[in-house]
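To start, the structure under review is shown below, and the notes come after it.
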Amino acid sequence: MEYLQPKKDGYFIDGTLGGGGYTSALSKAVGENGKILAIDLDEQAIANTAKKNLNNLVLVQDNFSNLSSIIENNFAQGILFDGFVLDLGLSSFQLADTRRGFSFREDSPLDMSFGSSGEDETTRKIINNWREEDLVKIFFTYGEEKHARRIAKGIVERRRLARIETTGDLAEIIKKAIPRRLCSEKVHPATKTFQALRIAVNHELESLEKVLPQALAVLKSGGRIVIISFHSLEDRIVKDFFREQTRDCICPPEIPLCRCSHRASLKIITKKIILPSEEEIKINPRSRSAKMRVAEKI
Ligand SMILES: C[S@@+](CC[C@H](N)C(=O)[O-])C[C@H]1O[C@@H](n2cnc3c(N)ncnc32)[C@H](O)[C@@H]1O
């Protein structure tokens, strides 16, 4: 809130409604003449906030990567906003919902899609159909899992016998694939693989890449973009986008004269990345890997 600086009558976009914490705070700050566009792929997230009957919200169940068309369908042409926020990843509600398959601590169908299951590629399909090399690639790049090869091999060997259907099955295969002496005591051996699968199933990096230019285009001058990410690949996307948009010319260095006519449109507000304080991590351990970056439209 400190970086978004919501004022009375302001218009804001919360691209990741989740449990509605940010949206409720923004809704209160802008008052009855302001508006908050709140987006989530998750039907339940939309339904939970709809119950609160806040009359300055526009709730949309969609992927935030469709931001331009969402705005076109819900607002007057040419509308501009005072701020845009994303709090990426999955919500505590989703993690706790045993039917969604996000948690390896429960035995539930392998799904992990943010939207309604069955429509998108589900984790079950990836685990049972993808080639071993492709599994290695996602575990390694999205999960930074150094045992990616062992895990992918374990999955492929096991699925030759029977399809892998549940989070419990998968967690067990992963546990067996990593020699016990190499397992961390603090982190469950399936943590990184589950994260990698979630990122792949939901095309999380692609959605983030797509939304940033759309968000910039609908901000007023002085409007803020606040992005909270939980993964170094996400943070890299945000950092690179912010950097590029602070530069006038973005031609490759080997081109001596500018041909791009690109003009800087952002000013970086957080020169150093904002991390949670130790106190916050104590109260909310899930915040431990959060990284916040803020920029302002020129
Ligand atoms: C960490 S939670 C947000 C929590 C929220 N800030 C709050 O105050 O409760 C992230 C939410 O973003 C949603 N989400 C993730 N990627 C999305 C996308 N590409 N489009 C729409 N919603 C998305 C998830 O379904 C989840 O509900």
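The values are calculated or read from the model by the stated rules, or taken from the named source; none is laboratory data. All values reported here derive from a predicted model rather than from experimental measurement. Ideal geometry is used to build each Cβ from the backbone, glycine not excepted, and the neighbour counts take in all protein chains shown.
Of everything in segment 247-272 that's of a type in the set (V, I, T) and either part of a helix (DSSP H, G or I) or at pLDDT 95 or above (or both), which residue is farthest from D82 (Cα to Cα)?
Step one: list which residues in segment 247-272 are of a type in the set (V, I, T), which gives 250, 255, 268-270.
Okay, now just the ones that are also either part of a helix (DSSP H, G or I) or at pLDDT 95 or above (or both), so 268-270.
Details: I268: 16, I269: 15, T270: 18 Å.
Within segment 247-272, the match that is farthest from D82 (Cα to Cα) is T270.
Given the structure, is A29 among the small types (G, A, S), within 8 Å of the ligand (Cβ to nearest atom) and either in contact (Cβ under 8 Å) with a residue 24 or more places away in the chain or buried (at least 21 other Cβ atoms within 10 Å of the Cβ) (or both)?
Numbers: among the small types (G, A, S): yes; within 8 Å of the ligand (Cβ to nearest atom): no; either in contact (Cβ under 8 Å) with a residue 24 or more places away in the chain or buried (at least 21 other Cβ atoms within 10 Å of the Cβ) (or both): yes.
Answer is no for this residue.
Do the conditions hold for D82, that is, is it within 14 Å of the ligand (Cβ to nearest atom) and of a type in the set (D, E, K, R)? Give the steps one after another, and end with the answer.
Numbers: within 14 Å of the ligand (Cβ to nearest atom): no; of a type in the set (D, E, K, R): yes.
Criteria not met by D82.
Listed residues I126, I164, I174, I178; which is buried (at least 21 other Cβ atoms within 10 Å of the Cβ), over 16 Å from the mean Cα position of the chain (by Cα) and not polar (S, T, N, Q)?
On the way: I126 fails: buried (at least 21 other Cβ atoms within 10 Å of the Cβ); I164 fails: buried (at least 21 other Cβ atoms within 10 Å of the Cβ); I178 fails: buried (at least 21 other Cβ atoms within 10 Å of the Cβ).
Going through I126, I164, I174, I178 in turn, the sole match is I174.
Given H262, H231, which one is buried (at least 20 other Cβ atoms within 10 Å of the Cβ) and not hydroxyl-bearing (S, T, Y)?
Among H262, H231, only H231 is buried (at least 20 other Cβ atoms within 10 Å of the Cβ) and not hydroxyl-bearing (S, T, Y).
Quick one: in segment 85-114, of everything that is within 14 Å of the ligand (Cβ to nearest atom) and assigned to a strand (DSSP E or B), which residue is farthest from L216 (Cα to Cα)? Full working, then the answer.
Looking only at segment 85-114, we keep the residues that are within 14 Å of the ligand (Cβ to nearest atom), and these are 85-97, 100-102, 111-114.
Add one more test, that the residue is assigned to a strand (DSSP E or B), and what stays is 85-87.
Numbers: V85: 11, L86: 13, D87: 17 Å.
Ranking the candidates gives D87 first.
Quick one: S221 ticks every box in (1) more than 24 Å from the chain's Cα centre (by Cα); (2) touching a residue at least 40 places away in the same chain (Cβ under 8 Å); (3) over 23 Å from Y22 (Cα atoms) bar one, so which box is it?
With (1) more than 24 Å from the chain's Cα centre (by Cα); (2) touching a residue at least 40 places away in the same chain (Cβ under 8 Å); (3) over 23 Å from Y22 (Cα atoms) applied to S221, the lone miss is (3).
Any chance you could count how many residues in segment 236-257 are more than 27 Å from the chain's Cα centre (by Cα), within 21 Å of A217 (Cα to Cα) and of a type in the set (A, V, I, L, M, F, W, C)?
If we filter segment 236-257 for residues that are more than 27 Å from the chain's Cα centre (by Cα), which is where we start, we get 248-249, 251-257.
Within this subset, residues satisfying the condition of being within 21 Å of A217 (Cα to Cα) are 248-249, 251.
Within this subset, residues satisfying the condition of being of a type in the set (A, V, I, L, M, F, W, C) are 249, 251.
Total meeting the criteria: 2.
So, of the residues in segment 60-74 that are more than 8 Å from the ligand (Cβ to nearest atom) and within 15 Å of Q214 (Cα to Cα), which turns out to be surrounded by the most Cβ atoms within 10 Å (Cβ to Cβ)? Spell out the reasoning first.
Of all residues in segment 60-74, those more than 8 Å from the ligand (Cβ to nearest atom) come to 60-61, 66-74.
Of the ones still in play, those that are also within 15 Å of Q214 (Cα to Cα) are 66-73.
Values: N66: 17, L67: 25, S68: 15, S69: 11, I70: 21, I71: 21, E72: 12, N73: 11.
That would be L67.
So which of A190, A215 ends up being within 16 Å of the ligand (Cβ to nearest atom) and buried (at least 20 other Cβ atoms within 10 Å of the Cβ)?
On the way: A190 fails: within 16 Å of the ligand (Cβ to nearest atom).
Selected residue: A215, the only one of A190, A215 that is within 16 Å of the ligand (Cβ to nearest atom) and buried (at least 20 other Cβ atoms within 10 Å of the Cβ).
Look through S207, S184, S221 and report the one residue that is within 30 Å of K125 (Cα to Cα) and either touching a strand residue (DSSP E or B) at 6+ places or on another chain (Cβ under 7 Å) or not in a helix (DSSP H, G or I) (or both).
Values: S207 fails: either touching a strand residue (DSSP E or B) at 6+ places or on another chain (Cβ under 7 Å) or not in a helix (DSSP H, G or I) (or both); S221 fails: within 30 Å of K125 (Cα to Cα).
Criteria check complete, one pass: S184.
Could you please let me know if D235 is over 30 Å from S103 (Cβ atoms), in contact with a Lys or Arg (Cβ under 7 Å, 6 or more places away or on another chain) and touching a residue at least 12 places away in the same chain (Cβ under 8 Å)? Outline the logic, then answer.
Details: over 30 Å from S103 (Cβ atoms): no; in contact with a Lys or Arg (Cβ under 7 Å, 6 or more places away or on another chain): yes; touching a residue at least 12 places away in the same chain (Cβ under 8 Å): yes.
No: the conditions fail for D235.
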